[in-house]
Amino acid sequence: MNNQPHIHIGKLIQQKVKEKKISITDFADKICCVRENVYHIFKSPTIDIRKLEHISNVLDYDFVKDVYLKHRYNYNAYPTEINIKISDIKNIDDYHYIFEKIKDIENFITSQKA
């Protein structure tokens, strides 16, 4: 059974938009959608990785690293050699690389809890 805390990505995106002091209209324009869709994103507990990549670029914030690692594991001592920027993702091989690094981090965290 998975005892990990639930991550509501929409709420986290909404929080970052507020922190960056970006209006909903401006944010909608930057992610190429209408205001109504922004509110749907805020209400959604999940998101497509490509949409998250685009939002990460717009907000200049690495949701993959922060959400998946910090929020999911509530853990701040990551291996120092892992530094993934969403803007560096150019193709499917980059995604595979990231997911392999995430597996490495999961293994690292698991070993620290043992």
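The values are calculated or read from the model by the stated rules, or taken from the named source; none is laboratory data. None of the values given here were measured: they were computed from a predicted structure. As a convention, Cβ positions derive from the backbone with ideal geometry for all residues, glycine included, and neighbour counts pool all protein chains shown.
Conditions (1) under 11 Å from the mean Cα position of the chain (by Cα); (2) aliphatic (A, V, I, L, M); (3) modelled with pLDDT of 90 or more, marked per residue:
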| position | (1), (2), (3) |
| --- | --- |
| 13 | yes, yes, yes |
| 27 | no, no, yes |
| 31 | no, yes, yes |
| 41 | no, yes, yes |
| 46 | yes, no, no |
| 62 | yes, no, no |
| 67 | yes, yes, no |
Checking residue 57 against (1) in a loop (DSSP other than H, G, I, E, B); (2) modelled with pLDDT of 85 or more; (3) of a type outside the set (A, V, I, L, M, F, W, C): exactly one of these is not met. Which one? (1)
Can you name every residue in the stretch 4-22 that is of a type outside the set (D, E, K, R) and surrounded by 11 or more Cβ atoms within 10 Å (Cβ to Cβ)? 7, 8, 9, 10, 12, 13, 14, 15, 17, 22
